[in-house]
Amino acid sequence: MFETGIRQFRMAMGMVWGRKLDTTNLARLVEDARATLAEFGEPGSDVQQVLDGPLADPGARADFITRNLRRTARRLDAQSPFYTRRFAAAGIALDKLDVETLRTIPVTVKRDLVDRQSEFLCADSTRYLATRTTGTTGQPTEIWLSRYEIDLLSGLGALAAVLRDEVRESDIIQLNVSSRATVSVHLNAAFCRLIGCGCRVIGLVSPDEALDSLTSGGVTLLSTVPSYLGELVTAARRRGLGPNDFELRRIDGGSEVLTPALAAAARETFGVSHVNDVFSMTEVIPVTGRTCSARHLHHDINMGLVELLDLETGEPAEPGALATVVITPYYPYRECMPVFRYDTRDVVRRLPEGDLDCELAGVPATGPVLGKASQLLHLGAAQMVTPRELAEAVEALPSQPWPGRFRAQLLDGRLRLTLPESALDGLSEVGAHDHFARYGLDVDLALVPDADAVSLRPLRSDLRETTFVNAPALIGD
Amino acid sequence: MLSSFQQSAMEFSVAAPGAVLTSGAALFYLRRVRLERPAIGVFNSRDIRILFTFIVVLPLLYVLLPHWALTCFLSVTFASALSIGLRPVMRQVPMWILIGTLIGANIWLNRTMLGTVYGWQLAWLEGDVAVLLAAMAVSNLYVQGGMKLKHVSGFALALAFYDILFTTILPVNSHLAEEFLGWPLDPSFGMRYGLFNFTIGVGDLLVYSLFLIATFKAYGRTAARFAMGLIFAFGVVAVCVAPLILDNFVTARTDVAIPAQTLFGPAAFVAYLWMRRHYGPERTMREFLASDDVVRPTAQPAPAPVPVLDPAPAPAPA
């Protein structure tokens, strides 16, 4: 207990002074947290302070943001060639940087990362692991992390997961994400090692293989992307599997739009009470977001600054307006290839002014991610259709077409929605139009053969990996 | 001059109520009151080593400090210990008034009332209350913080060696007892009979309380009764009888200083080994709190519903 106090103090001081955190100390804190849960069954009453920080007070929060911004900017100015030039061009005194003056620094966009990747590498850090984004928007980006970052991020994740009782030593996590998502896989494995639970990295194999693993191996937690979850639900229902066939207690999904229809189907099929909709993005890790029961997206404000900027003007978005999420991860949480004011182009709606009444009310929130800014369809000056609206309507069709495949285009000012034929099974043309009208969509429908469904919209579940399961043996009989 | 038998009888009249009342109060508290604990942290073996280091170093500090500084140090120590124990059961203002009164009265009594035997007795009595409450609070802080019987018995065994070393070979303990006598906030439970003071140290009371409540937490009521018997036999009776058999503990001032833990520590450790073999693994705090060994506040009956009269019928429209 005395040692734990000292460790917490060391970590807190590291955070306050902005020094690199001792990752060995952090790993020991995770062990302490595990011992605490083994003895008491739950952490002490001030655990929320440890997890979410003392940032409920707006004054303390503003001071925290200013200090972290200045520290992060000063380091980037000294170590990152890209930002040395960018800050010099902005002509801003970094010691006077705050949320207001921050706007004089242009946002960093994906094109910057793709074109000038090497300029983002900090001179005082050593590259360890690279990860490439999946390129769903057409341009894969490569991000380097240092060993320190891997140890730190897995440690912080493990500490939070243990204290929130999200992951227990008795758990086995099945990871159905692309095996090329190296950082995600690496972090999950390190995270499980710290917690002492099992980690089964399956990849995006055929859904039947993944289901075999889920039904036979004592898997209690599933981490995947929504499109693959849709494939799992569909395959499980086809095989007649239900809640009694699984030992799952939670599913975590992220990186794509998770619709209420699919989440409900997953809960019903796998017998879990909750499907976590998590916001995370390779470029801005470790800044993530959690979705509460009121479907707000609560961004982590301890490890980075989250700005909501108007899609057109780039100025702070008004309450109720659509905004792009711009994120600055703070030093010392990102070290090797950090970004500053990174425009994710993920669109959210800013919530109206006023106090929140959800279980995460202490953490600022937005509406859920509605899709990428480039995929918004402008029907008129004031009317806009978002990828989330379309996905929610498609995945709620009676045919249960999970994952939802569609293509949306504007033709002569009207919305043309192309679907696979089987998506409208059981619905007349009128019935189909009525269904979409209930979701506020006035659409012209077009159909393609089911065989062409994959070409309508790329999904992460399309990054299918092959195995030799069910194939003839390579050697012998 | 008192005979050895008289000395033992009078020491017994202090040690027995001191050990029984303090351990009993700690047990009463453990069953009813939950102390706040930090978000992360469980008492473990490394903490025992840290605690033991403090115990070795602290007496040296006591010897080196001038009396005024020692009184300040002890005031802070007592105030901290008392506030830990009283915070869950009292509101802030009355709690600090009580703590201030206890410490202030102790300082005043020890500075002004020691001219008579009654004055001494009043000062001891007041100090005993503070010592009892402090030992009760700290023992609960440790055990409710996850300290196990394994740790307590190991701690008592280590203290057995410490006690014999620092009582006979390096007589720091007896020197401290002499130094503290008559000064405010003497960390001992004691009483004066005529010309003689009889005391038992707060450290001994703390170990007895820890042993009793850690046993109760680990193995329940039957084991706790056994632990209480052991405390009485080796922590009280053996300590009081020892001077009748051995004369090694008489100091140059003819005070008798008994290394209580040297007698109690080995017995506690052997008892722990037996209980582990007999009862198996210790209960965790979670299991203890889920058991019926914890006294839970009885639910207050819901207030009787206020009868609602049917609304008077509205007058018929004209």
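The values are calculated or read from the model by the stated rules, or taken from the named source; none is laboratory data. Since the structure is predicted, the reported quantities are computational estimates derived from the model, not experimental observations. Here the Cβ is made from the backbone with ideal geometry for all residues, glycine too, and neighbour counts use every protein chain on show. SASA here: full protein model, heavy atoms, side chains in, ligands and nucleic acids out. Shrake-Rupley method; radii C 1.70, N 1.55, O 1.52, S 1.80 Å.
Some notes on this structure:
- Residues (over 22 Å from residue A:232 (Cβ atoms) and open to solvent by 30 Å² or more (accessible area, probe 1.4 Å)) located in the stretch A:177-186: A:182, A:186
- Residue under evaluation residue B:119, criteria (1) closer than 27 Å to residue B:60 by Cβ; (2) free of Cβ contacts under 8 Å to residues at least 40 places away in the same chain, criterion not met: (1)
- Of all residues in the stretch A:259-303, exactly one satisfies the criterion of being in contact with a Leu (Cβ under 9 Å, 6 or more places away or on another chain) and among the basic types (Lys, Arg), namely A:290.
- Top-ranked residue of the stretch B:41-93 - restricted to ones that are of a type in the set (Lys, Arg) and farther than 30 Å from residue A:27 by Cα, ranked as farthest from the other protein chains (Cβ to nearest Cβ): B:91
- Restricting the stretch A:380-406 to residues that are of a type outside the set (Ser, Thr, Tyr) and touching a strand residue (DSSP E or B) at 6+ places or on another chain (Cβ under 6 Å), the residue that is farthest from residue A:228 (Cα to Cα): A:384
- Checking each residue in the stretch A:43-87 for being modelled with pLDDT under 80, in contact with a helix residue (DSSP H, G or I) (Cβ under 6 Å, 6 or more places away or on another chain) and away from every other protein chain (no Cβ under 14 Å) picks out only A:55.
- Under the condition of being assigned to a helix (DSSP H, G or I) and within 14 Å of chain B (Cβ to nearest Cβ), the residues counted in the stretch A:150-165 number 8.
- Qualifying residue in the stretch B:204-211 (condition: open to solvent by 50 Å² or more (accessible area, probe 1.4 Å) and at pLDDT below 90): no
- Test: residue in the stretch A:225-237 that is among the hydroxyl-bearing types (Ser, Thr, Tyr), crowded, with 24+ Cβ neighbours inside 10 Å and part of a strand (DSSP E or B): no
Per-residue answers, yes or no, for (1) crowded, with 16+ Cβ neighbours inside 10 Å; (2) of a type outside the set (A, V, I, L, M):
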residue	(1), (2)
A:88	no, no
A:93	no, no
A:106	no, yes
A:113	yes, no
A:125	yes, yes
A:152	yes, no
A:155	yes, yes
A:161	yes, no
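- For the stretch B:6-15, the condition holds for no residue, the condition being that it is farther than 16 Å from residue B:187 by Cβ, within 14 Å of chain A (Cβ to nearest Cβ) and surrounded by fewer than 16 Cβ atoms within 10 Å (Cβ to Cβ).
- Just one of the numbered conditions (1) over 20 Å from the mean Cα position of the chain (by Cα); (2) on the phi > 0 side of the Ramachandran plot is not true of residue A:371: (1).
- Entry remark, the stretch B:217-232: residues being within 18 Å of residue B:132 (Cβ to Cβ), open to solvent by less than 10 Å² (accessible area, probe 1.4 Å) and of a type outside the set (A, V, I, L, M) number 0 in total.
- When residues in the stretch A:3-41 are screened for being of a type in the set (D, E, K, R), within 8 Å of chain B (Cβ to nearest Cβ) and touching a residue at least 60 places away in the same chain (Cβ under 8 Å), 0 of them pass.
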